[in-house]
Every structure is written in structure tokens, then in C-alpha cells.
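Undergrad: To start, I am sharing the structure in question, which I have written as C-alpha cells.
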Amino acid sequence: MLYILIIVLSAIAQFFGPWWLMAIVCFALCFWKSSKPVSAFGVAFLAITTLWIGFATFQNISNEGIISQKIADIFKLPNAFLLITVTGLIGGIVGGFSGLAGYYCRKALA
Amino acid sequence: MKYLRALLSLAVVAGLLFVLNRPLGPAPALGPFFNPFSGFWQNAESHNKSAPSQLTLTGLKNEVIVKYDDNGVPHIFAQNDEDLYFAQGYVLAQDRLWQMDFYSRVAAGRLSEVMGPLALDFDKYNRRLQLPEGAEKIAEALMHDPTSKMIAESYAAGVNAYIDQLTYKDYAIEYKILGYKPEAWSPLKTALVEMVMRKDMNARSDDYMMSNALSKYGKATIDDVFPDYPVEESPVVPVGTKWDFVPVAVPKVPEMLQASVNTRLSIEAENPGIGSNNWAVHGSRTATGLPLLANDPHLGLSLPSIWYQMQLVSPSVNVYGVCVPGWPGIGIGFNKDIAWGMTNVGSDVFDFYQIKFKDASRKEYQYDGGWRPVTAKINEFKVKGSASILHDTVHYTHHGPIMYDEGQKPFFNDTPVGHALTWVGPVAQGNSLKALYLINRGKNYEDYRAILPFLASPAFNVVFASNQNDIAITSAGHLPLKWKEQGKFILDGSNPLHDWRAWIPVEQTPYVRNPQRGFVSSANQFPADLTYPYYLGWKFAPAERGIRINEMLASMQKATVDSLRLMQNDNFNVEARRILPDLLKILATDPSLKSNKGYEILAKWNLKNDPDQIGATIFERWVRELRLAIWEDDFPSQDPKKPMLLPTRDRTWAMLQKQPTAKWFDDNRTPNKVETANEIVITSFKATLDSLAAKHGPINPATWNWGIAKNTTIKHLVPLFSAFSRTGVYNGGGGNIVNATKEGHGPSWRMVVELDKSWPKAYGLYPGGQSGNPGSIFYDNMIDKWAKGELNELVFLKSKDEKHPKIVAETLLKK
């Protein structure tokens, strides 16, 4: 449930606003919903990774991989799959730590 | 503990956001860049992308319709001219905003603001060339004429209407990687783009190297080895054409500068291949009975391409062609009645003056028997990654800037230190927007000639054809009225007679209309033979392309679009025809070459620079080596202290054929031996094969074929972004071949127009694509077709109501 909520709300936030809104979404939802530090980090990490990888993959397919190959070359990555993985990791790590921070802040205020 | 955890985790998040939200050295901020909702994934343009059906834009007076054909070419239908140029700016910015912004930054000397210290010396050079001052002068002229003012302002408003809609996710990928934002457009920026052209076409000079040679050998020898007109030539204006004007007085040749030039500099390769072909065939020689016109401007091949195709329609105009991003109007193209094209004239419009300072303080310089003050200007530079503003002081004489003071290192090695520069770029004014406005609407020969006063710089050979069966060509532009050989060598900055004093009257620049031979053409060769009353320069592009074009056209009857297209792709090597038989005879005297594979291939070569010919590879590399082997000892082009110009290939071949015992063949670096012409030819041939083998392995088609060895590369405008470039474009041609495709230069637009009484047919393409986005299929979709020598049929709509099968999308721009 939390996983789905993070995906939906952070997708909306990033569609209209800057990328870092997703950190606020993860923070707020984990503050509200998460039960354990591991799951706060894990769910937020997975949700953002899913979203970023999913959307990047969608963009990549409709573009038939033209730009991903070129950007991978610029970053000296061997192929576009790795580029998509890096995309997912960057988003996931920020999302995960934001979720964790949300959980710990609730604990601190409880 | 629980507070600590909370604070710690918040600190990690804050740290991550901080680090990911700012650029890391040369890398972009990773957070926004990788975020698929805003970063580079947004530049992954869908193959099924369709233009929006309507857009509302503030600034329009009426509705504008933009139709897109299947090649991504916009066809703009406006109800008035203000809206037309507004829409042109808007539509162009959609596809090429970053590129036009980039050009304007180059000319403004502001590239290091966004690229960092790497670009600083380039910026300093461009400021010293006075590109910004030249642009201000152009912009001022634009504002004085109500038509050009309207065009420049409407266009800028259109570009800005696009910029105003953008957020980070819409930015071109180059903005995202380099981490900066588009700046508002203005008429001044349009003028800056024009200055880039002036620089590319005109800003090179041999003066310094020629002066070094003069001081070593004296005038008589220089006259012999560097003559003012080639042995073989086929000038733009046919030999024998009568000049139907009374020339103004040409200044007398004053006393020449005798002092040897003693500043240091080193020199690199020769001028790059800025050249072009164009021609028009009279109806008497075509299948339709009406003219055909062809043009292929050769420029540095780049991505995004220098050109953008468009059709512009308003109640006053219906024109199709290509424009340079940032420069309103259609630059090369056609309308219902006429077609026109351009090549660079390449006359000598870039001269250095030796300056005699009064004393070591360098505050005054000698002029006309007295002393004049040197003025100083301080250029300021913001550099990416550095908080402080850098300064660069440039000293000026009335001739122009002293390009580099003693002790400074020139950006280009052919700029002499301590010399002042006069060149056409910052001084010629003109009004190119007005010229394009008029020619876009031109109906006949008189309309064509009427644009001449507005064309200043760069000077172009403007070819013309009309459906009234007129053909013509004019070397149009502001050309300084010079005494003979003025600027062949470094000029005397203290002698007023050495100054540029006037321009050749515009109506007296070389031109010809409907010549007897039934065609006109240009390929950057001499505009006219020595009967022309004015001195334009002692050296133009080698004659071979012009010779070949004129031969082919002279033998052509019932010419068609396809015969002209084939001509544009002609790979015949006129230079090889001229010199190879003699060279082969010499090689045949060496028994060790009897069964040499390279020699056999060359002997059987069909004299065409086709991509699958090994002979072309050997010949092209060899003639380069051979010329160096003959001359480098006498005229050391690579000498860091006193570099000299190598005599031309034309002069070299004439000497080999007519003066085989000339002293120049002896290599004076071998004091105990006197080499003959034959020895130089044979040893340079063997050396060429050795160096080719070192590079490409043993002779075989997979690595030695011309199309592969040449390796034509189309680079992105930022050389660092090699992933956005295309290498290994398989194509024939060469510098002195009609198909002038070299390693990094070549036909940047090919066009053939068949004039017609009712509606013309036209064909064309360029080595790139309409989109500037490396993530679009329209980024480079024309390259393969271009390499094969094919052309697209251009969609020239009669009106907005015409139904055309190639129109695939339509956008309504509402006010």
C-alpha cells in the first residue's frame, strides 16, 4: 500500500515540480505509515527505483534507445541498461533515506 | 538516541539532496539530470511524437498555420510579415534554440561562461577579432531600416515566446549537461550569428608567411613562385567577358614594406575547406527550356547542422530554402519565379599591419610622419567555476586591434604577434536581412541585382536563375579597393597609403549575365581573370572544381535535375588527370617499383575519388607529401620561428612539368647531394606508402579504400560531446573534387532547382536533420542519404489549402 502510494504521489509531484519533491513525499508517507526502519528505507527505495526505472524504460522504448546509448557513451557506461540502473539507484537512494528519515522523525516526536 | 537518529537521517537526506542538486565539476547535477521526469530522459523524443494541434502565443497579430512534412520541415503560413518572422523564430527555436544560442555566444566571446576555462582563449580571440563590435554595428544598421527592424524584432519576439514557455525539463540536452539556461534572444544576437559567418569565411591570412618568404628570397623570386594568377584557371566570370562599366581610379602601388618581419609565431595547417559550388544552366541547355540552378555550400560539417529547411508564406512572399539558425529569412532557396545560391568569394579581406612604436612603453605608434596614441580596451570574462571576473587588455591602433602583444601566445598560430589587424568583419555594415527580404520576394533579374548594396560581408558569389530564362552570377559584397598586391604581404602601419581607403563600387564587383556559353558557375576560384580592373587577392581556392564544373556544363545538352545532382556528386580528380601521368612516368624509371602493389593500383586507378578506390587514397596522401618534399626545405611551413607559405599545388605541378631542373627540387638539407625532381618524386612516393601502411596495415580495401581512409566525420558543435557526432560516414570526394567532402568539411546543403513558368520543382538535403536534439530521429536522418548522393524532393506548397501527401502534421498558432 505504502509502496503504491509513494509511486503515485511522487509521480504526480515530480511531474509538476522539481525532482527533490519525491524526497518530501517519501519522508511524509513513511512518517505517516511505515512500521520499521528497514521497511521505511526498503519500501521507499523500491518505490522510487520502480518509478524511475519504469519511467526511464518507457521513455527509452518509445525513443528506441537513441538518447540512452549516447548518454551512456558520455558517462563511459558500456550500455543503456546500466544507465537505467544508475537512474534507478540515484532515485532509490534518495527515496530510501528520505523514507528512513521520515520513520525516525516520527519516532523522535512520538 | 532517537533524536540523534532522526537528526542523522535528516542530515543524510539533506547531504544527498545538496550533492545531487549541484554540478560536480564538469558533470551536471545528477539529481535533476537523471530524474526521468525532468532530466535527459525527457530528451528521449518518441518516434511517434506529433506536433500539438494548437498553441497560444502572446505577440501574434493573427493566426499562423505551421504544417510539417515527413522530414520535419515546417511550412509556415502567416497573414502578415510580422507574424511570419515571429513564427519563423518560434519554430526554429523549437528545433534549434541551443545551437543559435551557442553561435551567438561564440561571437560574443562568452562561451567560457558556460563551458569553463577551456573556452577562455577562444573567447579572448573572438573578442580581439572584434566580433562583438561588428555585431553592434550590424544591429545598428538593422534598426535604421524599418523592414529589417521589423524582421529582427519579430523574429526575436518569436524566439523569446518559445523560451518563455520552457522549464528545465524542456531544455535541450546540451543545456542540461552543461548546466545553464537559454538567454533571451535579440536583434543583436542575430547580428552575432552573422559575425560567426564573417569569421568562418574571411578571417584567415597568409600575410605573415608571405612576408617571411619575401624577406628571404626577394621580390623577383616571390613573383615567380607565388604568382598573382594560377597557371590553370577557369574563372567565375568567363574569360573574354567585357566589363561594361567605367572603373574608378585604383590606388597606385606605394613603397612596400622592406623591413623583415621579426616576430615569432608558428603556423599550422592551411586554411580549412571553406568553399562551395554553385551554377545555373540557361534554358537553351536544359530539357525543359528553362533554367536549372544548383548550389552546395561547403562548410565545416557539424551536428546540429548549420542549415535548417523552411517554407515561409505570407501575402508578400512564398519562399522555400535553408536558413542559418538565428538568422531570419531564407538564405539559399527559391520561390515561384527565381532561385539563388551562394558560395564564398574568398578575396583577401584580412590584413596585418606592422606597427612601429615610439618607445618601449608602446603608448604611441608611427603614422604619416607623426605619432598617434595607442588606445586600450579591457574585455571582461566571467568563467564558469570561477567567482572572479577576468580581464584582458587589448591595444588598438586606427587600423584595428593589435591582436597579440609581445609575449602573448596567439590562439591561432597564423596570427602575428605585435601587428594590428584590419579586416572586413567589424567594418562592413550592410543589411543582410534586407537583402534576404528582397531576394526571398524577388521576381526577376532586376530584383536580384537590387540586393547588392545590402550584401556586405561575407562576400558571396550569388548565383541566380529566373523563369524568364535569365541566369547570372555576381561576386557580391564589400570588397576593399586595393592597389595590386595590397595585403599579399604584411602592410606598413605607418604609411597612410597602406590603409584601406574605399570599397569597390558594388555595381562593379565581378558579375556576368546570360553569357554566351549558356551557364554560370562558381567554386571559390578567381572571380575574374586579369582583365578585371581591381585587385581582389593573389590566391583563391584551387581551380580544379571550377575547371571540372565548367567542362561538364559545357558538354551538357538537355540538362535535367538528375544530371545536376550527378554533377554535385562527381568524384573525378582533375589534379590527377593533370599530373599523375607525368608522375607515373617518373615512377616507372625505378625498377624496385616494378611489382609494387601500391604503384600498380595507382597506375590502374580510374582517376575518381570514389569511396571504393585505393588509388584515391594513395594519390591524395602522396601529393600532400610530395609538395612538402619539394618545398618544405625552402619554404619551411612548419618552422616555429619564421614559417613560410608553401607554393600552391598549381605552381608546383607547372614546375614539375615545365621546369624539371628547377633548383627548388634539390633538398638543401642534404648539403652533399643534389636531388633531382625524379628522386624527390620516387622517395616521396615510397614514404607515402610506408606511412599509409603504418596507419592502415598492408594494402587492402577494408582499410585503404578512400571512403574509409578519409573517415568523414560530422562532429557535434561541442567537440567533447563525441557521442553526439557521427564518424565513418562512407563517402568519396575530396578538397579539390566537385563532391568536396573532406574529413570534416563538405557540402553542408545540396540543392537543385528546376525553374518553371507555373511552379518550380526542387530537390535538396543536408548532412544532418531538422531537429537539434540528439535524442530525435530527425537529428541525423538525412546523413546516409546525403552520403549516397541522393536528394529529397522538397515540398513547396502553393497555399495553405494545398493537400500534399507528405504533410503529416499541422499546428495552429493562436494569438
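Undergrad: To the nearest µm²/s, what D does Stokes-Einstein give for the stretch B:461-528 at 4 °C and 1.567 mPa s, using the Kirkwood radius over alpha carbon pairs as Rh?
TA: 91 µm²/s
Undergrad: Residue by residue through the stretch A:81-95, what is 3J(HN,Hα) from phi via Karplus (6.51 cos²θ - 1.76 cosθ + 1.60, θ = phi - 60°)? Round to whole Hz and write x for glycine and proline.
TA: In residue order, the calculated couplings are 4, 5, 5, 5, 4, 4, 3, x, 5, 4, x, x, 5, 5, x Hz.
Undergrad: Per-residue HN-Hα couplings for the stretch B:805-815, Karplus 6.51 cos²θ - 1.76 cosθ + 1.60 at θ = phi - 60°, whole Hz, x for Gly and Pro?
TA: x, 8, 7, 10, 8, 8, 10, 9, 8, 9, 7
Undergrad: Here is a further query. Under 5 Å between amide H atoms, partner at least 5 residues away or on a different chain: which partners does B:Ile332 have, H built in plane at 1.01 Å?
TA: B:Val322
Undergrad: Then there's this: If only Cα atoms are counted, what is the Rg of the stretch B:153-250, and what is its Dmax, in Å?
TA: Radius of gyration, then largest Cα-Cα span, for the stretch B:153-250: 24.9, 66 Å.
Undergrad: Right, something else. When only Cα pairs under 8 Å and 6 or more residues apart are kept, what is the percent relative contact order across the stretch B:628-761?
TA: Relative contact order of the stretch B:628-761: 12 percent.
Undergrad: Separate question: Where does the stretch B:67-158 land on the Kirkwood hydrodynamic radius, alpha-carbon pairs, in angstrom?
TA: Kirkwood hydrodynamic radius for the stretch B:67-158: 15.1 Å.
Undergrad: Considering just Cα atoms, how many Å³ per residue does the convex hull of the stretch B:1-42 enclose?
TA: 59 Å³
Undergrad: Kirkwood Rh, Cα Rg: Rg to Rh for the stretch A:4-110?
TA: On the Cα set of the stretch A:4-110, Rg over Rh gives 1.06.
Undergrad: While we're looking at this one, here's another question. Dividing the alpha-carbon radius of gyration of the stretch B:526-599 by 2.2 N^0.38 Å (N being the number of residues), what value is obtained?
TA: 1.62
Undergrad: In peptide A:52-61, what is the residue-averaged number of other protein chain Cβ atoms found within 10 Å of each Cβ?
TA: 4
Undergrad: Further question: Around B:Gln613, which amide H atoms from residues at least 5 apart in sequence, or from another chain, sit under 5 Å from its own amide H, with H modelled in the peptide plane?
TA: B:Trp706, B:Gly707
Undergrad: Follow-up question, since we're still on this one. Starting from the coordinates of the alpha-carbon atoms of the protein assembly as shown, obtain the Kirkwood hydrodynamic radius over all distinct pairs and give the value in Å to one decimal.
TA: Computed over Cα pairs of the protein assembly as shown, the Kirkwood hydrodynamic radius comes out at 30.3 Å.
Undergrad: Separate question: Could you please rank A:Val38, B:Val374, placing first whichever residue has the fewest other Cβ atoms within 10 Å of its Cβ?
TA: A:Val38, B:Val374
Undergrad: A follow-up question, please. Less than 15 Å Cβ to Cβ from A:Gly17, Lys/Arg counted +1 and Asp/Glu -1: what total charge do the surrounding residues give?
TA: 0
Undergrad: Another one. If we count every other residue with Cβ under 12 angstrom of B:Leu497's Cβ, Lys/Arg +1 and Asp/Glu -1, where does the sum land?
TA: That works out to -1.
Undergrad: Could you work out the relative contact order of the stretch B:363-520, using alpha carbon pairs under 8 angstrom and six or more residues apart, expressed as a whole percent?
TA: Rounded, it is 16 percent for the stretch B:363-520.
Undergrad: Please give me, ordered by residue number, the GluC sites (Glu not before Pro) of the stretch B:710-815 that lie in loop per DSSP and have at most 16 other Cβ atoms within 10 Å.
TA: Answer in residue order: B:Glu743, B:Glu790, B:Glu802.
Undergrad: List every DSSP H helix in chain B whose Cα atoms extend 18 Å or more along the helix's own long axis and whose mean Kyte-Doolittle hydropathy is at least 1.0.
TA: B:2-20
Undergrad: While we're here: Using every Cα-Cα pair within chain B, state what percent have a distance larger than 50 Å.
TA: 18 percent
Undergrad: Just the Cα atoms of the stretch B:488-613: what Rg and Dmax do they give in Å?
TA: 21.4, 63
Undergrad: What order do you get for B:555-565, B:17-27 when each peptide is scored by the mean count of other beta carbon atoms within 10 Å, highest first?
TA: In descending order of packing, they fall as B:555-565, B:17-27.
Undergrad: Just want the ordering: B:Met567, B:Met195, B:Met1, from fewest to most Cβ atoms lying within 10 Å of their own Cβ.
TA: Going from least to most buried by this count: B:Met1, B:Met567, B:Met195.
Undergrad: Also: For a quick protection proxy, order the peptides B:474-480, B:686-692, B:697-703 by their average other-Cβ count within 10 Å, most packed first.
TA: Ranked from most to least packed, the peptides come out as B:474-480, B:686-692, B:697-703.
Undergrad: Additional query: Give me, ordered by chain and number, the residues 5 or more places off B:Ser302 or on other chains with an amide H under 5 Å from its own placed amide H.
TA: For B:Ser302, whose amide H was placed from the backbone, there are no distant partners under 5 Å.
Undergrad: Step through the residues of the stretch B:509-522 one at a time and calculate ³J(HN,Hα) from phi using the Karplus curve (6.51 cos²θ - 1.76 cosθ + 1.60, θ = phi - 60°), rounding each to whole Hz and writing x for Gly and Pro.
TA: Taking θ as phi minus 60°, the curve returns 5, x, 7, 8, 10, 6, x, 3, 5, x, 7, 10, 7, 8 Hz for the stretch B:509-522.
Undergrad: Under the definition of partner shielding as Cβ atoms of other protein chains within 10 Å of a residue Cβ, what is the mean value for peptide B:43-55?
TA: Mean inter-chain Cβ contacts per residue within 10 Å come to 3.
Undergrad: What angle, in degrees between 0 and 90 and rounded to the nearest 10, separates the Cα long axis of helix A:2-16 from the longest principal axis of the Cα atoms of chain A?
TA: It is inclined by approximately 60 degrees.
Undergrad: For chain A, take the longest principal axis of its alpha carbons; what is the angle in degrees between that and the long axis of helix A:37-62, to the nearest 10 within 0 to 90?
TA: Approximately 30 degrees, to the nearest ten.
Undergrad: A follow-up question, please. What average count of beta carbons from other chains do you get within 10 Å of the Cβ of residues in B:5-18?
TA: 6
Undergrad: Sort B:4-15, B:124-135 by packing, meaning the average of other beta carbons within 10 Å per residue, with the highest value first.
TA: Peptide ranking by packing, descending: B:124-135, B:4-15.
Undergrad: Quote the relative contact order of the stretch A:2-109 in percent (integer), defining contacts as alpha-carbon pairs under 8 Å separated by 6+ residues.
TA: It comes to 41 percent, rounded to a whole number.
Undergrad: While we're looking at this one, here's another question. Please state the charge dipole magnitude for chain B, taken about the Cα centre, from unit charges on C-beta atoms (+1 on K and R, -1 on D and E), reported in debye and rounded to the nearest 20.
TA: Dipole of chain B, to the nearest 20 debye: 1060 debye.
Since every read-out is calculated from the coordinates, none of them should be taken as a lab result. Please read all numbers here as calculations on a predicted model, not as lab measurements. All Cβ positions, glycine included, derive from the backbone under ideal geometry; neighbour counts span all protein chains shown.
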